[in-house]
């Protein structure tokens, strides 16, 4: 924002501006603060005009730029900004604002109509004005509510007294399913009767109708007919042809009417949409995709993503649909860029990760890596993104590269303890599944349990490791049972997770006992059931041999005998598996 301290005017004059600037910086999603900021800036110097101070003009421009960077789909504010620039700097500055606005909200009927109206009044070269109208027609002309734009285009050509162009515009419009399609057809029909036949239809169609009229006259053996009668009959056939066009357009309007009538908010706003509105967009897109007209489908998606810009599902859907069309790689990329850089908050990184996967699929691995790194600048603790980054490295450079990513993040000071726990668990899974080294994976869990015992995901992954081991013979089954019981005992003795979570994890062990346990498994099952699900009096009386309390205890809370037994278990394991001990020593101490 502008440096108010360098302004020589009254300090009080900028007090409200400072206040609302602070509010927008504290909570940029609060649109009311932005509205108040614009109003406060507009009141500077007693009301802005071309003679206002440079500081005041810089302040209002900065406010508009920041607002429209945050909310680029507010077409009304682009119009206000353009009007301001026109008043204080002239048409060239206003046109630059309009160009920025139309680039930000490409399908806005209102903004294109305002821009073209501005161009009509400030430009005397018809070629430039018509070029702008044609650009607007490309981006917004198919909108069901595009009649204000088309009316403005027709108004301009009427000013130019270009009857041929007026007729040509109507000939285009009658084929578009618009809200006010009928009145355009009536005007077209009237105009067609005043145009030469060569202007009303193509030469081929005209020749065909003239031949049909001649053949019909010959069939009745009539003498040569007057030219006006022949023309009348030909125009009758032309009318019938265009009536079929009208009927087809009417049918297309009828098919869309239900969806359009349910669209209660066809513009962008920061407030949430009702579920019924979202569902209506889903159904409308389903319908238009079934119809199969590429341009109409794109037009509807662009309309949808003005109203539903903050809803990830529609960006995903648009990208997936576009990717299914042949040769549309750049269009898909543009969808992801718009979603990621303008509309979907970074607190929901899924669409950005999808963009990274798309770039990787296109061979642009460096871009995919940069996208992950950019997300982590804002969300350094995002487990999902870090794991996605590690797996990208695994796919491209192997398991060791992936593990290195996890180790670097575990050591990073910006990553909290619970994130580290999830990354350690993922590291172990990579060793198991990526390197096919179960012992190394198990060693990572054993070494790090002392730091991450209060992480749900840590225990989930450790249970997964042991539960999914192959058991080709009885001895392997026995070893697996011992290891799973060991994990459960460690969990019971070390974890301080909430009681409901502990019960859920205990259920994993109990399910194993039911489904894969041996002859005596039900003894353990019932003991765990009493300890974890029984009343407090039963659970207290049934404490495990490690001395853990029902609500969980850390290693430091165990009595000396229990600590000695736990340490003995670790020493015995590492003595039996020296290779596991070596790998475990490489784990990062979070402290």
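The values are calculated or read from the model by the stated rules, or taken from the named source; none is laboratory data. Owing to the predicted nature of the structure, the values given are computational and were not obtained by experimental measurement. Here the Cβ is made from the backbone with ideal geometry for all residues, glycine too, and neighbour counts use every protein chain on show.
Return the residues of segment 349-384 that are touching a helix residue (DSSP H, G or I) at 6+ places or on another chain (Cβ under 8 Å), within 30 Å of residue 327 (Cβ to Cβ) and in a loop (DSSP other than H, G, I, E, B); say none if nothing qualifies.
Scanning segment 349-384 gives 349, 362.
Please give the number of the condition residue 282 fails out of (1) assigned to a helix (DSSP H, G or I); (2) surrounded by 19 or more Cβ atoms within 10 Å (Cβ to Cβ).
(2)
I'd like to know if segment 264-271 contains one or more residues that are loosely packed, with under 14 Cβ neighbours inside 10 Å, over 19 Å from the mean Cα position of the chain (by Cα) and at positive phi. Outline the logic, then answer.
The initial filter retains those residues of segment 264-271 that are loosely packed, with under 14 Cβ neighbours inside 10 Å, namely 264-265, 271.
Add one more test, that the residue is over 19 Å from the mean Cα position of the chain (by Cα), and what stays is 264-265.
When the remaining residues are screened for being at positive phi, the result is none.
The answer is no, given that none of the residues of segment 264-271 is loosely packed, with under 14 Cβ neighbours inside 10 Å, over 19 Å from the mean Cα position of the chain (by Cα) and at positive phi.
For residue 439, are the conditions met, namely being surrounded by fewer than 18 Cβ atoms within 10 Å (Cβ to Cβ), more than 30 Å from residue 530 (Cβ to Cβ) and assigned by TED's automatic domain parsing to the domain that holds residue 534?
Numbers: surrounded by fewer than 18 Cβ atoms within 10 Å (Cβ to Cβ): yes; more than 30 Å from residue 530 (Cβ to Cβ): yes; assigned by TED's automatic domain parsing to the domain that holds residue 534: yes.
Criteria met by residue 439.
Take residue 57 and decide whether it is more than 26 Å from the chain's Cα centre (by Cα), modelled with pLDDT under 90 and crowded, with 17+ Cβ neighbours inside 10 Å.
Details: more than 26 Å from the chain's Cα centre (by Cα): yes; modelled with pLDDT under 90: no; crowded, with 17+ Cβ neighbours inside 10 Å: yes.
So residue 57 fails the test.
Are any residues in segment 392-405 touching a helix residue (DSSP H, G or I) at 6+ places or on another chain (Cβ under 6 Å) and without any contact (Cβ under 8 Å) to a residue 12 or more places away in the chain, and if so, which ones?
Within segment 392-405, 401 is the sole residue that qualifies.
Suppose we filter 133, 149 for residues that are in contact (Cβ under 8 Å) with a residue 40 or more places away in the chain, part of a helix (DSSP H, G or I) and over 20 Å from residue 41 (Cβ atoms); which single one remains? Steps first, answer last, please.
On the way: 133 fails: in contact (Cβ under 8 Å) with a residue 40 or more places away in the chain.
Just one listed residue meets the conditions, 149.
Only one of these is assigned to a helix (DSSP H, G or I), under 30 Å from residue 296 (Cβ atoms) and assigned by TED's automatic domain parsing to the domain that holds residue 139: 59, 127, 106. Name it.
Values: 59 fails: under 30 Å from residue 296 (Cβ atoms); 106 fails: assigned to a helix (DSSP H, G or I).
Only one candidate passes the filter, namely 127.
Please tell me if residue 194 is closer than 30 Å to residue 230 by Cβ, out of contact with any strand residue (DSSP E or B) (no Cβ under 6 Å at 6 or more places or on another chain) and either not in a helix (DSSP H, G or I) or not assigned by TED's automatic domain parsing to the domain that holds residue 101 (or both). Before the answer, list the steps.
Working: closer than 30 Å to residue 230 by Cβ: yes; out of contact with any strand residue (DSSP E or B) (no Cβ under 6 Å at 6 or more places or on another chain): yes; either not in a helix (DSSP H, G or I) or not assigned by TED's automatic domain parsing to the domain that holds residue 101 (or both): yes.
Yes.
Hey, among 287, 246, which residue is in a helix (DSSP H, G or I) and either without any contact (Cβ under 8 Å) to a residue 24 or more places away in the chain or surrounded by fewer than 16 Cβ atoms within 10 Å (Cβ to Cβ) (or both)? So that I can check it myself, show each step before the final result.
On the way: 246 fails: either without any contact (Cβ under 8 Å) to a residue 24 or more places away in the chain or surrounded by fewer than 16 Cβ atoms within 10 Å (Cβ to Cβ) (or both).
Exactly one of 287, 246 is in a helix (DSSP H, G or I) and either without any contact (Cβ under 8 Å) to a residue 24 or more places away in the chain or surrounded by fewer than 16 Cβ atoms within 10 Å (Cβ to Cβ) (or both), namely 287.
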